[in-house]
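Only one structure is covered here, and it is reproduced in the block below.
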Amino acid sequence: LNNVELVNVGGNLTLLLTPQNGSAAVTLTASDWQPQLFKRLAFDEVTATGVISQNQLSFSQIEAKAFGGTIKAQGELNWNGRLSTSGNFELIKMTLPRVLSAYESDASVDGSLNATATLTSSANQASELVQAAEVNANFEALAGKVNGIALSHVLVAGPTSKPSPEADFTRFDTLTGNLQFKDGQYKYKQFALKTEQFRARGYFNIEP
């Protein structure tokens with residue numbers, strides 16, 4: 001075979017395999033596509049190039065448009081016995097409300113998101129890889145606000161005083177920090193919120 005082209009039923013995903021020395025070069029292109037393992041991650045468009053061998057699929061370059069921004073990534077999947085995956089990715093100018101809505105988060109944060117992250121996971125079945133994932137990410141949100149929390153009001157008027165609904169938010173120029181996700185727990189460290197008039201630092205954990 002010189003090459004094999006696979007197209008899904010919907011016609012929005014194409015996989016081109018080109019055999020070479022016991023492996024095969026892989027080119028993936030897709031539009032309006034949701035991966036089976038990451039169903040909440042909806043790609044407007046994606047291209048990826050890599051190599052598949054007997055026990056490993058490795059992507060050297062992945063570029064995608066999603067949630068109003070761009071994703072750039074590299075990664076690999078191994079199935080020599082137990083399934084394992086690892087990779088790194090970069091998020092550029094993603095729209096935060098779209099990201100949070102897709103993942104059914106109760107948090108309400110406006111702004112754009114940049115992040116760099118690493119991901120590892122190991123499981124017995126493909127369906128368990130997402131739940132077993134460990135993520136370490138450094139993030140930066142720009143020009144937005146955290147709705148439902150008015151930090152400046154709390155400091156001035158006290159924690160028992162409730163701000164008016166139209167003022168129940170904390171605006172930020174930058175919101176930065178480190179996120180570690182493991183076993184269903186989110187750990188936010190080095191959390192820093194900055195405006196021209198206001199600075200806040202801290203950390204917090206969200207249990208599974």
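Bear in mind that the values in this text are calculations on the coordinates, not laboratory data. Nothing here was measured: the structure is a model prediction, and the numbers come from that model. Virtual Cβ from ideal backbone geometry, glycine too; neighbours counted across all protein chains shown.
Residues in the stretch 44-61 that are free of Cβ contacts under 8 Å to residues at least 24 places away in the same chain and under 18 Å from LEU129 (Cβ atoms): ALA48, SER58.
When you scan the stretch 125-208 for strands (runs of 3 or more DSSP E) that lie fully inside it, which ones turn up with 2 or more residues that are surrounded by 13 or more Cβ atoms within 10 Å (Cβ to Cβ)? Before you say what the answer is, go through the steps one by one.
Details: elements: 134-147, 169-182, 185-194, 199-206.
Correct list: 134-147, 169-182, 185-194.
Assess whether ARG40 counts as being of a type in the set (Lys, Arg) and more than 30 Å from ASP110 (Cα to Cα). Spelling it out, it is not the case that ARG40 is of a type in the set (Lys, Arg) and more than 30 Å from ASP110 (Cα to Cα).
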